[in-house]
Structures are given as C-alpha cells and as structure tokens.
1. Could you tell me the relative contact order of region 19-121? Use alpha-carbon pairs under 8 Å, at least six residues apart, and round to a whole percent.
2. Leaving out same-chain residues fewer than 8 places away, which lysines sit with a Cα under 24 Å from that of residue 86?
3. Hey, what's the chain come to in accessible area per residue, 1.4 Å probe, Å²?
4. Can you give me the % of accessible surface on the chain that is carbon or sulfur? Probe 1.4 Å, all protein chains present, nothing else counted.
5. Classify region 55-121: rounded, prolate or oblate, from the alpha-carbon gyration tensor (a ≥ b ≥ c, eigenvalue square roots; a/c under 1.5 rounded; otherwise prolate if a/b is larger than b/c)?
6. Once fully extended, how much extra length lies between residue 11 and residue 106, figured as 0.36 nm per residue of separation less the alpha-carbon to alpha-carbon distance?
7. Tell me the label-point distance for the pair residue 61, residue 39, using the 7 Å Cα-to-Cβ offset, in nm and rounded to one decimal.
8. Give the value in nm², to one decimal: projected area of the alpha carbon convex hull of the chain, averaged over all directions.
Amino acid sequence: QVQLVESGGGLVQTGGSLRLSCAASGSLLRINDMGWYRQAPGKQRELVATITSGGSTNYADSVKGRFTISRDNAKNTVYLQMNSLKSEDTAVYYCNADIKVSPWTSWETNWGQGTQVTVSS
C-alpha cells in the first residue's frame, strides 16, 4: 500500500519561510505528476503547484514568485519551498501524486494526510 507522508508545516511570521516535504512510501512502480494543494477554513481545496516527472512546473497565480516546487525522483519526494509568506497562505497543505504500483494496474491519485501552515502577522 502506498502512502504519502507530509512534513514541514508549522507556525511562521509574515514574510517568513517554510519548506514542506512529501515522501511516497510502499511498493510502487512509478510516480508521474506530483503536486501541492491547500485548503483554508471555509474554502475549497485549491491547487498550489504541480510538477511533472520531467520537472515541468505549474503554479497558482497567488504563489508565483514566492513558492518553488521541486522533486527528488530517487527519493520519491516532492518539496514546496515557501518564501515571503502571507497570512492568506494559512491553510492545510496536501500533497498528491499519480502513482502506478504495478504494470497491470492503472494510475491512481494518492493524497497525503495534510500539514498545517499558519502565518501570523
């Protein structure tokens, strides 16, 4: 069974930085796209950034120039470096990944359990 485990969330002041990590564990064959999403209280989950297996990235307009997504394919891990944090970045951050566990199964989207990021002014 594949699991995605996030780490790195916490409390930071406005203008500060945090780095989130998300590692996939378990028996898997291949990981395709990976990404970060967030959900603030009372709001819908929204895309933050995605990265393909080849390293192409995509960002929400609200985080462009401040956040950087990267991945280490050897470690099955995706990162989110968050700089110049604002109060509106406060949310639970979730990672996801499209994973194939064997040649005979289809691609499945897996989600982590979420990690809280709180930005205080």
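1. Details: 205 pairs, mean separation 32.5, N = 103.
Dividing the mean separation by the residue count of region 19-121 yields 32 percent.
2. Cross-link targets: 43, 64.
3. Numbers: 6510 Å² over 121 residues.
Result: 54 Å² per residue.
4. Numbers: 2970 of 6510 Å².
Heavy-atom surface of the chain belonging to carbon and sulfur, 1.4 Å probe: 46 percent.
5. On the way: a/c = 2.69, a/b = 1.96, b/c = 1.37.
Verdict is prolate for region 55-121.
6. Values: separation 95, 0.36 × 95 = 34.20 nm, distance 3.82 nm.
Result for the pair: 30.4 nm of gain on full extension.
7. Reported label-point gap for residue 61 and residue 39 is 2.5 nm.
8. Numbers: hull surface 29.1 nm².
Over all viewing directions, the chain projects a mean Cα-hull area of 7.3 nm².
The values are calculated or read from the model by the stated rules, or taken from the named source; none is laboratory data. Since this is a predicted model, take the numbers as computed values, not measurements. When we count neighbours, we look across all protein chains shown, and the Cβ atoms used for this are built from the backbone with ideal geometry, even at glycine. Note: accessible area is taken over every heavy atom of the protein model, side chains too, but ligands, DNA and RNA are not part of it. Shrake-Rupley method; radii C 1.70, N 1.55, O 1.52, S 1.80 Å.
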